[in-house]
Amino acid sequence: MKLKVLVVDDDKNSREIIKMGLQKDYDVKVAYDGIHAYDILKKEKFDVIICDFVMNELDGLELLRRIKSEGNDAIFILITAFGTSELTIKSIQEGAYEYLSKPFKIKDLKRIIENYEKRQEAAISVENNNNTETENKDEIIANSPSFVQILKELAKIAKSDMPVLILGESGTGKEVIANLIHKYSNRKNNEFFAVNCNAIPASLLESELFGYEKGSFTGADKDKKGYFELANNGTLFLDEIGDLELDIQVKLLRVLQENTIRRVGGKKEIKLNVRYVFATNVNLENKVKDGKFRKDLYFRLKVAEIKLPPLRERKSDILPLANYFLKKYAEGGEILKLSKEAEKCLLKYDFPGNIRELENVIRNAIVKAKDSGVILKTDLNLCPIDKAENVLVDKNALIKALDDYNGNKVKVAEALGISRSTLYRMLDRHGIK
Ligand SMILES: Nc1ncnc2c1ncn2[C@@H]1O[C@H](COP(=O)(O)OP(=O)(O)OP(=O)(O)O)[C@@H](O)[C@H]1O
Ligand SMILES: [Mg+2]
């Protein structure tokens, strides 16, 4: 059955052109403005709505808002005049599926609709395979409402081909999210490439990304594909893009605008079909203000934005993550449990290094607590007082402190920053009277 498409545009010419371009493959109707469209949509169900942004009375954004709030699940493709990135962002936040800048080709519009159809088919098969597929792989832990909400948004964003910018402090899971976007996209069976832009020296970055042709510089003894080409038809994750040098920023912007590249030393234009995901832990807005990051590039990147909150702002993820890591690093052996005190300590801690830090804390704790069945607060090495206890495990240090204070236990405990009862336990452990 043909998909039903509604074309909304107050410009007669452009709505007729779109209609003519699509009517061979789809069942197309037109509306001459927002209000007309709204009336039609009340009576009839459509799969796809293609809508101009600027219209008198009821503009594209307002129409989108209205029908989405009424639960209309048609995909909404917005057509915007060039240079309205703020509005574009808003529309995507309101639930637009894709946007196209004028002028566009009917071919591009068709591709969006075709991708949507393919995705519908793929979604069904993903649902059927999901359980077996995720079982052995790394799990995604999501318990806090804020993170669950992010995953919901991600699922929506992943389905479109638009670029995504992931922001978050280091260790918050940016790479994990980038992977998920690919996995939930219709490109999931194609390549996913992750490039850490900071890890590649600036002088090499261009040839790594764009590839090069034999003889283009000393050492270029054969043609080489760059990451843009390698990721063709798939997803390219450009990580740590906040510190890109300005000349590379210009080149990246051009790729995003034109979807073509030329290898270093090459003449041929190579057509690209790549989905981009970007990430950074720096504040790009500040960089733009300081003139270190191009504003036009910034707007290209931030069309769809995912902000990962730090772990300390989603504390209800801490224990589920800790337990997940306990399982993950048990490596077939016994899975250790957290003592109540250890749990409390984890919940109190700030985790400047976020999930990555939690992961390391648990991994180290497993080594310390091995064979004891349970992870104690002291195994976590997080609270200052625990550090003092660890120092005290050293018998000599304890004897020295007792000496310094003439055996006055209150003073010794105070000086070492531990409670008296802990001190007594320590003395006991070392057999000191
Ligand atoms: N929701 C999650 N569930 C399970 N593990 C997670 C989750 N998020 C992140 N991790 C784990 O935490 C670690 C850090 O994640 P990731 O590398 O994606 O963070 P990042 O933001 O890219 O960090 P950096 O800025 O240091 O590169 C990884 O080992 C990852 O597997
Ligand atoms: Mg990372």
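Every number here is computed from the coordinates shown, using simple stated rules; none is lab data. Worth saying up front: this structure is predicted, and the values here are computed from it rather than measured. Cβ placement follows ideal geometry from the backbone for every residue including glycine, while neighbour counts extend to all protein chains displayed.
Result for the chain in a Gaussian network model with C-alpha springs under 10 Å: among Lys110, Lys337, Lys411, the largest mean-square fluctuation is at Lys411.
Which loop chymotrypsin sites (Phe, Trp or Tyr not before Pro) in segment 150-240, with loop taken from DSSP, have no more than 11 other Cβ atoms within 10 angstrom of their Cβ? Mind dumping the intermediate values first?
Numbers: sites: Tyr184, Phe192, Phe193, Phe210, Tyr212, Phe217, Tyr227, Phe228, Phe237; in loops: Tyr184, Phe217.
Qualifying residues, ordered by number: Phe217.
Taking label positions 7 Å along the Cα-Cβ direction at both Ile140 and Arg262, the computed distance is 3.9 nm, reported to one decimal.
3J(HN,Hα) couplings calculated from phi for segment 44-54 with the Karplus curve 6.51 cos²θ - 1.76 cosθ + 1.60 (θ = phi - 60°) are, in sequence order, 9, 9, 10, 8, 9, 10, 10, 9, 6, 7, 8 Hz; Gly and Pro show x.
Net charge dipole, the chain: roughly 460 debye, given to the nearest 20, about the Cα centre with Cβ charges of +1 for Lys and Arg and -1 for Asp and Glu. Label-to-label distance, Arg254 versus Arg363, with points set 7 angstrom from Cα along the beta-carbon direction: 4.1 nm.
Among the GluC sites (Glu not before Pro) found in segment 250-312, those both in a DSSP coil and sparsely packed, with 14 or fewer other Cβ atoms within 10 Å of their Cβ, are Glu269. What separates the Cα centres of segment 179-208 and segment 339-370 is a distance of 31 Å. Only one residue of Leu41, Gly266, Gly332 has its Cα farthest out toward the positive end of the dipole of the chain, where Lys and Arg carry +1 and Asp and Glu -1 on Cβ, and that residue is Gly332. Put simply, the amide H of Ile306, placed in the peptide plane, has neighbours under 5 Å in Leu165, Ile166, Leu167, leaving out anything fewer than 5 places away on its chain. For the listed residue pairs Lys24/Lys271; Lys225/Lys271; Lys2/Lys105; Lys19/Lys156; Lys107/Lys183; Lys156/Lys183, the alpha carbons are over 18 angstrom apart in Lys24/Lys271; Lys2/Lys105; Lys19/Lys156; Lys107/Lys183. For Lys251, a cut-off of 16 angstrom between C-alpha atoms picks up these aspartates and glutamates, skipping any fewer than 8 places away in its own chain: Glu206, Glu208, Glu229, Asp243, Glu269, Asp296.
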